[in-house]
Every structure is written in structure tokens, then in C-alpha cells.
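Note sheet for the following structure.
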Amino acid sequence: MQIGSCWFDMASGQLSNQENDTSWKMPASEHAILSLLANHRGQVLSNAQLIAVLPVAESSLARLEEAIDRLRFFMGNNSASLIESIDDQGFLLHVKLTRSHRFLNGTPGRSITKQQYLILIAQLILLLLLLYSVFEPSTKFSLHKEQQIHTSNGDVAYYPIYHSHDQQVVMAPQFEHLVTQLHQCQSFEWDKLFYSWSDDNKVMSIGLKKDSSTGLMVRNIKVIAQASSFDFIDQQWLVKMEICS
């Protein structure tokens, strides 16, 4: 089922964002809520109706709102508006985006293409490196020096990025787990990898960069924590996301 820029596989519980080429195997709560909204698309569902499909241990308004926030975050700025809050009484999944939902850069009805998205990410990464090389980093942002992952087909540079020293301390075990899994990869298709976390440590962004014969290739992957952990990342996941093989 198409929901904005995302494809929802209701049977498998997977939501794929076609704008940034990312996929999310949704937890039971998010899957149940999106399935109910999709089955009653265009209809307002009350909070009580939505809470009723949550697992018993997660049956609360707070968990419902958290699930809605996570769904909107993954769907992206454009498609997130398809899920509308109705006077704090419930939620509605629109059938399609209206013109007012599709404003981008001040132009009605304009959407961003995948190529434009990749160019934007590449520019942001290059700007980040330029700022770091020219200015002294502030206490609110920390880009660590280049580190290396050694593979059978050469070395790959990676850069962990933290918003604060506290975040670096808290996320150190999660980062070490990720690096351990990356070291076990047989080969890489990328030259550089950038890692950063959201302020609440629940979302990890992985930026991938490669210079090829056809030009610069850039990819960005958003990973949402499961039970406040990224331990689900393993070799199978890395291969599936085409990070390594």
C-alpha cells in the first residue's frame, strides 16, 4: 500500500521510504496502529480505538503518541502530514497529500526527487567537513577524527559524530557494537561512513559516501532504536541495507 512517499507492506510489517531508500521493520505497536489507520483511511479514529490495538503492556496514550511520532519521523517531512491529529481526540490517515501539504521551498506542489535528495546530503556532508576544518568545534558538537575499518578489499574511513560529551559516553557501547559488526564485513562498497545520533539517542543516522566512475554517490540511512538499543544490527542487517557484503 502506497502512503505518500512510503510503501507499507502490511503482511510483513515493513515500511519503506522510497525518497531516501530506507526500510523499517516496525515494532508491533507501530505496525498495529498504521495497519488500523490504513484499513480506515480517510476516517477519524479515536485514541481509544487506536490504543485498543496496542499490546497490553504498551496500552497507553503516551505509547500511542510515541508510535505516531516515530511513524511520522520515518515517513519524512512531506508524507508525515498524511497522519493528522484531530483536536487531540484521535488521528486520521489521509488518502493523499493535498496541495497545502506539498509546499517545498515556498513552491506549491513541488516535491524533491531522489537525485536532488542525494545531492543535498552530499552538500551537507561536505559543508560539515569544511566547517570542522576551519572552525574549532563547539561543546555542543563533536566530530571525531577519522578512524579505519580494515576489510579484505581495503580500508574504509568512518567518523562518529556526537552532539555532546554526555552523548558520547552514553552511546559508546552502541557505537562499539556497530564497529564490531562492521569489522566482520567481508567487503565494503563505500569509501567513507558518518555516524550521528538524535538528541534523545533514539535515532541513528548513517551517511555513506563513495567516489565512482559515474560520479559521487551518497546515501543516508535512518535507524530507529528498538527498546532503546541498536543491538539488532548484525551482519544480516548490514548486508540487507547494502552497507557491506
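The values are calculated or read from the model by the stated rules, or taken from the named source; none is laboratory data. Predicted model, so just to flag it, every value in this text is computed and none were measured. Cβ sites come from the backbone with ideal geometry, for glycine too, and all protein chains shown count toward neighbours. Remember, those area values only see protein heavy atoms, side chains included, never the ligands or the DNA or RNA. Shrake-Rupley method; radii C 1.70, N 1.55, O 1.52, S 1.80 Å.
Quick notes
- The criterion of at least 2 residues that are under 15 Å from Trp24 (Cα atoms) is met, among strands (runs of 3 or more DSSP E) falling completely within the stretch 191-243, by 203-212, 215-224.
- Those strands (runs of 3 or more DSSP E) lying entirely in the stretch 1-106 with at least 1 residues farther than 27 Å from Ser198 by Cα: 44-46, 83-86, 90-93
- Of the residues making up the stretch 162-180, none is at positive phi and assigned to a strand (DSSP E or B).
- Test: Glu30 is among the acidic types (Asp, Glu), within 30 Å of Leu208 (Cβ to Cβ) and buried (at least 19 other Cβ atoms within 10 Å of the Cβ): yes
- Scanning the stretch 146-153 for residues that are surrounded by fewer than 16 Cβ atoms within 10 Å (Cβ to Cβ), outside any strand (DSSP E or B), free of Cβ contacts under 8 Å to residues at least 24 places away in the same chain and not basic (Lys, Arg) turns up at least one hit.
- When Asp231 is tested against (1) open to solvent by less than 60 Å² (accessible area, probe 1.4 Å); (2) modelled with pLDDT of 85 or more; (3) of a type in the set (D, E, K, R), only condition (1) is not met.
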